[in-house]
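Presented below is the structure to which this report refers.
The values are calculated or read from the model by the stated rules, or taken from the named source; none is laboratory data. Since we're looking at a predicted model, the values are computed, not measured. Cβ placement follows ideal geometry from the backbone for every residue including glycine, while neighbour counts extend to all protein chains displayed.
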Amino acid sequence: MTGIHSEESWQGVYLGVVLIWSPLPGSITPADLETLSEDERTRADALTAPRRRLEYVGARAQLRRALGAVLRVSPAAVPIDVDEFGKPQPTAGGVQFNLSHSAGALLIGWGERPLGVDLERAARSVRHILRVRIVNQVSEAAAIDAIAAFTLVEAVTKALGRGLGAISGLRLDEVGERGELHFSGPHERLICARLVPLPEAYVGAVAVVI
């Protein structure tokens, strides 16, 4: 596992997943829009809230640029589809990916196995988070705060491709010596997850189906 920090971005490899964290752009450029598919541009045009539109376009543009470099195609040519749960998936190249954006920043991950990433604001309220049983279990077992536990659980459910709907069947099996957590999901699928080191205003996690 490695990590490279700069004032504007962070890149690392954890659990075999390449991760990039970066701030979202402050504005949308014509170049950003040109990277999107026709369906993505249509969706962007339908977003009336400026902040939501900026987050959507900025996140998709950066995702396409990163995957384009991996697949050696132009960003606009990256084949992205959605699975039965609505999770974006590439349709060629054998690359699995996931992304998450929060509080003006973006976390992208890609690798060979089904994976999930989650990014949260470190100062997020824990009022509702603490009501989730598995979050409390992770917090106590790993001796981490509620936000970190929630971020791990979110990454795990995204790796399963079912979002928070997978929580009811999720079980924490073990906390490893190096900080990795092992879970069992629906149909006894096994998932490994861990936190990743980001700027202190954010909490990030990555999870991989093993």
Identify the residue in segment 141-158 that is over 14 Å from Leu99 (Cα atoms) and small (Gly, Ala, Ser) and, among all such residues, is surrounded by the most Cβ atoms within 10 Å (Cβ to Cβ). Ala149
Output the residues belonging to segment 127-137 that are surrounded by fewer than 15 Cβ atoms within 10 Å (Cβ to Cβ) and either modelled with pLDDT under 90 or assigned to a loop (DSSP other than H, G, I, E, B) (or both). Arg127, His128, Leu130, Arg131
Of the residues that make up segment 190-198, is at least one modelled with pLDDT of 90 or more and within 16 Å of Leu99 (Cβ to Cβ)? yes
Test of understanding: among Gly161, Gly179, Gly204, which residue is under 30 Å from Leu67 (Cβ atoms), assigned to a loop (DSSP other than H, G, I, E, B), touching a Pro at 6+ places or on another chain (Cβ under 9 Å) and not aromatic (Phe, Trp, Tyr)? Gly161
What residue, among those in segment 159-210 that are farther than 21 Å from Gly111 by Cα and of a type in the set (Val, Ile, Thr), is surrounded by the fewest Cβ atoms within 10 Å (Cβ to Cβ)? Val175
All positions within segment 140-164 that are free of Cβ contacts under 8 Å to residues at least 40 places away in the same chain and either in the same structural domain as Leu107 (by TED's automatic domain parsing) or under 20 Å from the mean Cα position of the chain (by Cα) (or both): Asp145, Ala146, Ala149, Phe150, Val153, Leu164
